[in-house]
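Throughout, read-outs are computed from the coordinates displayed, never taken from laboratory work. All figures in this text were calculated on a predicted structure; none of them were measured in a lab. FYI the Cβ positions are ideal-geometry reconstructions off the backbone, even for glycines, and counts take in every protein chain you see.
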Amino acid sequence: MRWETIRKDTVLRVAPNLGDYDKECAEFSWSKARARLQGLPGGQGLNIAHEAVDRHTASARAKAVALRCVARDDSVDCLTYGDLARATSRFANVLRTLGIGRGDRVVTLLGRCPELYTVVLGALKNTSVLCPLFSAFGPDPVAQRLRLSDAQVLVTTSELYRRKVAGQREALPGLRHVLIVGEGADELPGTLSLTALMTDASDAFTIPPTSPRDMALLHFTSGTTGSPKGAVHVHEAAVAHYMTALYALDLHQDDVFWCTADPGWVTGMSYGIVAPLIHGVTVVVDAGDYDACRWYRILAEQRVNVWYTAPTALRMLMRTTPRTGPYDLPRSFDLSALRFIASVGEPLNPEAVVWGRDVLGLPVHDNWWQTETGAIMIANFASCDIRPGSMGRPLPGVEAAVLRRGPDGRAEFTDGHVTVLEEPGAEGELALRPGWPSMFRGYLNDEQRTAAAFADDWYLTGDLVRRDADGWYWFVGRADDVIKSTGHLIGPFEVESALMEHPAVAEAGVIGRPDPVAGNIVKAFVALRPGFDATTATRRDLLAFARRRLGPAVAPREIAFDQHLPHTRSGKVMRRLLRARELGLPQGDISTLEDSSERTEQSA
Ligand code: ATP
Ligand code: MG
């Protein structure tokens, strides 16, 4: 089925920040964007925490709610921008008292509690480097990242410390301080109580001069295609966070905004903390785990206007409410405040875009970026038509290109140079012109991998895309995941999306299985919706359905049923693991493999 374009010709409730895409692109410059931020008083540089917090305290926003934290028991705790300014200053003073300063690494291993936000922004005020870890990581991935990040301070809870860190503490000599949120520090040798330290600290703190190029954040990638990499980000990333949230999330100052990603991942940091706070909006923080009813309730009760989530979460909602109806569950909530829905992290199947329109009354706006890009690079905008299945178009200030690919799927080098494809329908590796402020400044302690990511003044993303005649980008697959079959290159996303259109399919993961004749054949692993059985008849029906949709060259030749497709902890289907298991190969780095028993879906 060709999906029809969703037209934006109806009157929008609020005038979008980006009205005329072409005009905005033509007039945009990063230096003009930089002028929209305030900078530290006295021309002392640029600090993310000043823009996100302190700046607002001198305005009417001081009394506005910055964070609305919904606890697991549904109780709500609100912090104003003024409260947040004082709490973050206290934490900056705590760090200073402990002898932690510029460039020192402060690591968090915390759920989505109010203290997490104080620690992140307080560490940035102190010009220390903040590295968030997803709290569901097991002991080994935690220790590995504490070592790789050269952590001097860890902020966690007594329970997480006991379960995940205490046993390895001796092997982490660089870890000078462990600060415990909540109760329990007294019984744990080698730890300090954050509450006690905060009580003793002053709530006044002057941010020291900060160069826009000072390191601010360290983010580990999701580990979908290999071992996770530590991407270094700097304070001037704030310029891109602000502008991209303005354009691609259409944030307006009075909005209530909910980003469901955990701040252990780059989405939860860039768009769950930094960008919305710079905009001065009210950020909803949910400490609980995914649950369809809970999520609809939060959207309704918190009067969320802008919602940023992930395909995996949308697929879970689609499991409970198919597009064909009935819509009883979502319709039992008042979602009338909702104005804009966006998604990131994985390809967004066209089915999910249209599901949003039909079930929630709003289409889902897909956007694309990576840990390395630090901010949204390609997006569907509030004012522009949506072509379901397309990631949209580059943001103003972002120059994207499609590079000719070689036999391995990655950009091809001829005499040491890459080739930019200009023609309509060009397909190849997506590249970005360095120069946007949130570009990573390298993989920590890995010059070789950093150097390999750049060529001919392009940053090579490792993703394959197609650009249509009008300049819209379509995700084909990760270079590591594409399938070479009888001379064709097949993107697993296309096959997965086609399967998702069948009413029996809740989720699919597609790989290539080596075959002596075809090179590879396409094999799909399918999770079924409730009410459908893993029978030969279902398999036959799915194979025929896919052949009709995709043609015999692209359709899967084999289908296996698997209700527990492997996901990264950030919620992405791990095709490399499906492939390794299928071929009996070593599993590789599985530090980011989600434990299906503790699936939260709250990350992206
Ligand atoms: P690793 O680099 O360790 O393998 P990862 O690439 O999954 O992990 P992230 O930086 O979290 O780590 O994810 C970025 C990747 O997610 C992108 O390169 C792309 O492959 C995928 N992605 C993000 N958004 C989209 C989207 N809208 N459509 C398709 N793919 C997307
Ligand atoms: Mg990646």
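Could you work out how much longer the chain between Ser211 and Arg297 gets when fully extended? Use 0.36 nm per residue separation minus the Cα distance between them, nm to one decimal. Don't skip to the answer; put the middle values down first.
Working: separation 86, 0.36 × 86 = 30.96 nm, distance 4.25 nm.
Between Ser211 and Arg297, full extension yields 26.7 nm more.
With the simple spin-label model, which puts each label point 7 Å out from Cα in the Cβ direction, the Val76 to Phe413 separation comes to 5.6 nm. Of interest is the spacing of the C-alpha centroids, which for region 248-325 and region 65-132 amounts to 20 Å.
Rounded to the nearest whole Hz, the Karplus-based 3J(HN,Hα) values (6.51 cos²θ - 1.76 cosθ + 1.60, θ = phi - 60°) of region 266-281 follow the sequence 4, 5, x, 7, 5, 10, x, 10, 5, 4, x, 6, 4, 6, x, 8, with x at glycine and proline.
What does the C-alpha gyration tensor say about the overall shape of region 492-544? Classify as rounded when a/c is under 1.5, otherwise prolate if a/b is larger than b/c, or oblate. Kindly include the intermediate steps, with their values, before the conclusion.
Numbers: a/c = 2.56, a/b = 1.74, b/c = 1.47.
It is prolate, given that a/c is not under 1.5 and a/b is the larger ratio.
Here each label is just a point 7 Å from Cα along the line to Cβ, and for Ala64 and Asp385 those points are 3.5 nm apart.
A protection proxy built from the mean count of other Cβ atoms within 10 Å ranks the segments 385-398, 582-595, most packed first, as 385-398, 582-595. Ordering of 516-526, 411-421 by packing is 516-526, 411-421, highest average first (other Cβ atoms within 10 Å, averaged per residue).
Set the bar at 31 Å for Cα to Cα. Now go through Lys229/Lys484; Lys484/Lys572; Lys63/Lys164; Lys32/Lys125 and name every pair that lies beyond it.
Details: Lys229/Lys484 27 Å; Lys484/Lys572 22 Å; Lys63/Lys164 38 Å; Lys32/Lys125 24 Å.
Pairs exceeding the cut-off: Lys63/Lys164.
Counting DSSP beta bridges in the chain, what percent are antiparallel, to the nearest 5? Numbers along the way, then the final one.
Working: 54 of 94 bridges.
So the antiparallel bridges amount to about 55 percent of the total.
Counting only DSSP beta bridges with both residues in region 75-235, what percent are antiparallel, rounded to the nearest 5?
Numbers: 5 of 23 bridges.
The answer is about 20 percent antiparallel.
Other residues lying with their Cβ under 13 Å from the Cβ of Phe561 contribute a combined charge of -1, Lys and Arg counting +1, Asp and Glu -1. Close amide H contacts of Ile521 (hydrogens built in the peptide plane, cut-off under 5 Å, sequence separation of 5 or more or a different chain): Arg513, Asp515. Take 97-109, 160-172 and order them by the average number of nearby Cβ atoms within 10 Å per residue, most first; the result is 97-109, 160-172.
Each of Tyr327 and Glu27 was given a label point 7 Å from its Cα along the Cα-to-Cβ line. The distance between the two points is 3.7 nm. Shown in residue order for region 155-162 are the 3J(HN,Hα) couplings computed by the Karplus curve 6.51 cos²θ - 1.76 cosθ + 1.60 at θ = phi - 60°: 10, 8, 9, 4, 5, 5, 4, 4 Hz (x for Gly and Pro).
Can you give the extra length, in nm with one decimal, that the chain gains between Thr195 and Leu172 once fully stretched, where that is 0.36 nm per residue apart less the Cα-Cα distance? Mind dumping the intermediate values first?
Values: separation 23, 0.36 × 23 = 8.28 nm, distance 2.41 nm.
Roughly 5.9 nm would be gained on extension.
Can you give the calculated 222 nm mean residue ellipticity of the chain, where each DSSP H run of n ≥ 4 adds -39,500 (n - 2.57) and the sum is split over every residue, rounded to the nearest 500 deg cm²/dmol? Before the final figure, lay out the partial values.
On the way: 18 runs with 155 residues, N = 604.
Calculated at 222 nm, the ellipticity per residue is -7000 deg cm²/dmol.
What does the C-alpha gyration tensor say about the overall shape of region 81-146? Classify as rounded when a/c is under 1.5, otherwise prolate if a/b is larger than b/c, or oblate. Here region 81-146 falls in the oblate category. Available extension along the chain between Asp541 and Asp456 is 25.8 nm, counting 0.36 nm per residue and deducting the alpha carbon span.
For the pair region 5-46 and region 328-355, the centres of their Cα atoms are 24 angstrom apart.
Using a/c under 1.5 as the rounded threshold, could you call region 447-512 rounded, prolate or oblate? The axes a ≥ b ≥ c are square roots of the C-alpha gyration tensor eigenvalues, and prolate needs a/b larger than b/c, oblate otherwise.
On the way: a/c = 2.30, a/b = 1.79, b/c = 1.29.
Taking the square roots of the gyration eigenvalues as a ≥ b ≥ c, region 447-512 is prolate.
Counting only DSSP beta bridges with both residues in region 483-603, what percent are antiparallel, rounded to the nearest 5? Bridges in region 483-603 are about 80 percent antiparallel.
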